[in-house]
Each structure stands twice: as structure tokens, then as C-alpha cells.
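The values are calculated or read from the model by the stated rules, or taken from the named source; none is laboratory data. Not measured: the values here are computed from a predicted model. Note that each Cβ is placed from the backbone with ideal geometry, even for glycine, and that neighbours are counted across all protein chains shown.
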There are 4 protein chains.
Amino acid sequence: MTDLGKILKELDVILQQRKHADPSESYVARLYEKGVEKIAQKLGEEATETIIEAMKSQGPYFDKNLLAQESADLLFHLLILWAHLGLSQKDVAQILQDRLGVSGLAREKMNQDQ
Amino acid sequence: MTDLGKILKELDVILQQRKHADPSESYVARLYEKGVEKIAQKLGEEATETIIEAMKSQGPYFDKNLLAQESADLLFHLLILWAHLGLSQKDVAQILQDRLGVSGLAREKMNQDQ
Amino acid sequence: MTDLGKILKELDVILQQRKHADPSESYVARLYEKGVEKIAQKLGEEATETIIEAMKSQGPYFDKNLLAQESADLLFHLLILWAHLGLSQKDVAQILQDRLGVSGLAREKMNQDQ
Amino acid sequence: MTDLGKILKELDVILQQRKHADPSESYVARLYEKGVEKIAQKLGEEATETIIEAMKSQGPYFDKNLLAQESADLLFHLLILWAHLGLSQKDVAQILQDRLGVSGLAREKMNQDQ
């Protein structure tokens, strides 16, 4: 029901609509107006918070729901960055698709190995 | 054809399978074995590289394809982190869904406003 | 006159004093009270902002003074992290000293080479 | 003996000298050659690793020496970034000095409060 692909499609439509929204009424329109610098800053903040919540899994206070919240924030701001810079979800999907390729395991190894 | 939701589903299956893979043959299995610390470190690196590519949009050397590559790496390692810590794509989708709610714009404003 | 070593010494004294300060009257005491998670979050934010200002050197809007401001914020929060976790400036100095060693160049190469 | 201010001064001299060094013989000269993008990337990596080591203080595997090592790496690459972009330690010291001002506590509050 709450499929990630489905919600990403909905978000895509909304993020395109927000390009014509009033910055005083939309958080996303406000970020677009402030520009790539502000969006990149938010992305860094959310990535840091995701890392911190993940590291709490090694201590006594891990909260899986907080990790999901920070992850959702990180993903949301990544989508805003793409929309702002004219990158489509399709562009990123194509790269992930190419990496997995026909045989998955082999391509994964080939592409990600250092 | 290359729908992001579709590829995320495929990746989900693969990332679960890799939990039983040989670390010497799979990059993902190797990350699982090294643990959350190493996965979080990779997430931080990919977030940094995404920020750097995004900032290049303000100079003469912006390459949208490089931004897509770094974004794909960031998304891929975020999915690995979720799989490793037992978070499902559904969990994150639910949070994004709740935030958008019925009316999109209103909820976005309510939840994201600072 | 404004020697970085001298100001770091002054900051060290102040950061130790703040351990006994009222959180409602001191930003640093407030960070100590919130704990390592909040301090690490601030460090991530300031690192991101330093990276962003640095990347602006490739575009038309670089402002060296803004880079100095963000760098000062990053350094300040790194010192707060050390103080909070019981790390002394001496501990970090010793590591940097060991790396440089007698001959500087050779040790730098040996220790930092990938 | 291992005073942080003293070692920062030594590093400053070395980092200026490396501007004329052979990239094949010096890690720092290699970073200068690769440019701000690579230096910023290293800064992000070291900041991430410092955050991760700091967060380990909440679990059973905290190693204060590892935190000192990552902190030293972060500081070292921050100094490289300054040297590469023509920022002096004095510039950053001046900003920290201005923030502390005459009365320390008051200025700290004024400048850092959110």
C-alpha cells in the first residue's frame, strides 16, 4: 500500500508543481528560491543526522523509527536537489539499472569494488 | 522503463539476498560484515560527493551525469544501511506518505516549516 | 597578535570553565548538556558549510571571509567535542607531531599515502 | 612540549613549502594539484569519521585515541584547504578572537545563540 516507488512518483509531481508555488507558502518553493547552496546544506544536515541515528544502533538508545524519519528527510531533500538541478528520477534509475545489469551479483561487484 | 520504484524493488530483493552471500564475492556482503560503522562512513562519503557535484552547478564544470552517478551511490548506500539495520522501504515510504497527507501542500508546510 | 595557537589556548580554558556554567546562559554549556549527539550534529553542519563555501571558489561568488567564518565555526565545534569527550589539545597535537616526525616530508608521505 | 599552537605553526610552514613540491613525492602537493574538489571531499570524509568515532562514545567500543586520530586528520585537511585557497591561520584566529571578545561569556552567547 505504502510502496516507496508510488510515493516517489507522487513526490515527483509535487516537486515539479512547487516550481510555480509561492515561496511564502511552500517549504520546497522557498528552498528552490534560496538555491543549490541551501539545498546542499540541508542534504548535508540530513545525511549527518542519518549517520548519527544509525550509529546509535551500537548503543542502548537506538530508535528505528527515528532512523526512518531522518532517512525520509535525507531522501526528500535529495529529490528536491534533483528537481532543482533538472535531474529526473529516471536518470538516477538508469544508472542503478546499468550497475545491476543482467547478472546482478557480477555487475555489483564490478562496479562497486574499490 | 527505467522506473525508480521498479529498480528500488529489485534492489530490495538483492540486498536481502546478499545477507547470505560470501563477503569475498559481494561488495554488499562485505559492507554488512564490516558493520554499521563502515556503512555510515560510505554514506557520509557519498553525501559529500553529491554536495560537491551539486555545488559545481554554480561554476563552469557542472556535469549532470556525474551528479546522477553520485546520487545513485548515495541512494544505494542508504538502501544498504536500511537493509543492515532492519528498516524496510515501506517504513520510510509510510513516513513520506504521512507527511504529504491528503492535501500535499498544507502538510508539507506544516511538517517541514522551521 | 591574533595567533591561532594563542586563541586555541584561551578557548581551551573557556571550554573547561563552561562545564560548570548554567546552560541557560552559555551556548557551550547547552551543547554539553544536550550531549555528544547534538555536538556531532553541529560538527557535521559546520563541515558541510565549510565544504560549500570552499566549492564556491570555483564559481563567481567566492567570499574568502565566509570561508574563514565557516572554518572558525567548524574548529570551534571540534574543540567543544574534544572538551566534552575528555580529549585534550595536547592529545591531538601529539598525533600531528608524530606524523610530521623529524623529517617532515618523509613522514608526511609515509603516513598519509593511500 | 606538544603544544597545538606550536605544531600548527610548523604545519603552516610545511603546507606553504609543499606548494613548490613534486606531487609524486608529497601527499599534500598531490591534493593541491587535484584541487579544491578533492580537498573538500577529504574534509567531508574526515568529518564523517570524526562524527562516527564520537558517536561510539555512547556504545561499548569507544576508543579515545581513534577519536584523536580522526580529529587530527580533520584538522590537517582543514589546514590544507586554507593553504590551498589562500586563507591564513591568522584570518581564522581573528574571527575566533572577535567572537570571544573582552568578556568571553557574553560574546560567546551573543554570537553563537540561535
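Which residue, of C:Gly44, C:Gly59, is under 19 Å from D:Glu45 (Cβ atoms), of a type outside the set (A, V, I, L, M, F, W, C) and free of Cβ contacts under 8 Å to residues at least 40 places away in the same chain?
That would be C:Gly44, the only listed residue that is under 19 Å from D:Glu45 (Cβ atoms), of a type outside the set (A, V, I, L, M, F, W, C) and free of Cβ contacts under 8 Å to residues at least 40 places away in the same chain.
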**Request:** Could you figure out which of (1) on the phi > 0 side of the Ramachandran plot; (2) surrounded by 22 or more Cβ atoms within 10 Å (Cβ to Cβ) isn't true of B:Leu74?
**Result:** (1)
**Request:** Evaluate the following for A:Glu53: is it modelled with pLDDT under 90, surrounded by 15 or more Cβ atoms within 10 Å (Cβ to Cβ) and of a type in the set (Asp, Glu)?
**Result:** no
**Complete:** Given the conditions (1) within 19 Å of B:Gln41 (Cα to Cα); (2) more than 7 Å from every other protein chain (Cβ to nearest Cβ); (3) touching a His at 6+ places or on another chain (Cβ under 7 Å); (4) of a type outside the set (Val, Ile, Thr), every one holds for A:Glu70 apart from (3)
**Asked** A:Lys34: under 16 Å from A:His84 (Cα atoms), touching a helix residue (DSSP H, G or I) at 6+ places or on another chain (Cβ under 6 Å) and within 14 Å of chain C (Cβ to nearest Cβ), yes or no?
**Response** no
**Message:** Please go through region D:1-12 and give me each residue that is more than 7 Å from chain C (Cβ to nearest Cβ) and either in a loop (DSSP other than H, G, I, E, B) or farther than 23 Å from C:Glu10 by Cα (or both), ordered by number.
**Reply:** D:Met1
**Request:** Take region A:38-54 and flag every residue that is facing another protein chain (nearest Cβ under 7 Å) and more than 16 Å from the chain's Cα centre (by Cα).
**Result:** A:Ile52, A:Ala54
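Is one or more of the residues making up region D:86-93 within 17 Å of the chain's Cα centre (by Cα), among the basic types (Lys, Arg) and closer than 28 Å to C:Tyr61 by Cβ?
Within region D:86-93, one or more residues are within 17 Å of the chain's Cα centre (by Cα), among the basic types (Lys, Arg) and closer than 28 Å to C:Tyr61 by Cβ.
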**Request:** Give the residue that is farthest from C:Arg18 (Cα to Cα), with candidates limited to residues of region D:73-110 that are modelled with pLDDT under 95 and more than 8 Å from chain C (Cβ to nearest Cβ).
**Result:** D:Asp98
**Request:** Count, please, the residues in region B:56-68 that happen to be modelled with pLDDT of 95 or more and surrounded by fewer than 17 Cβ atoms within 10 Å (Cβ to Cβ).
**Result:** 4
**Request:** Check whether at least one residue in region A:25-36 is over 17 Å from the mean Cα position of the chain (by Cα) and modelled with pLDDT under 95, and report yes or no.
**Result:** yes
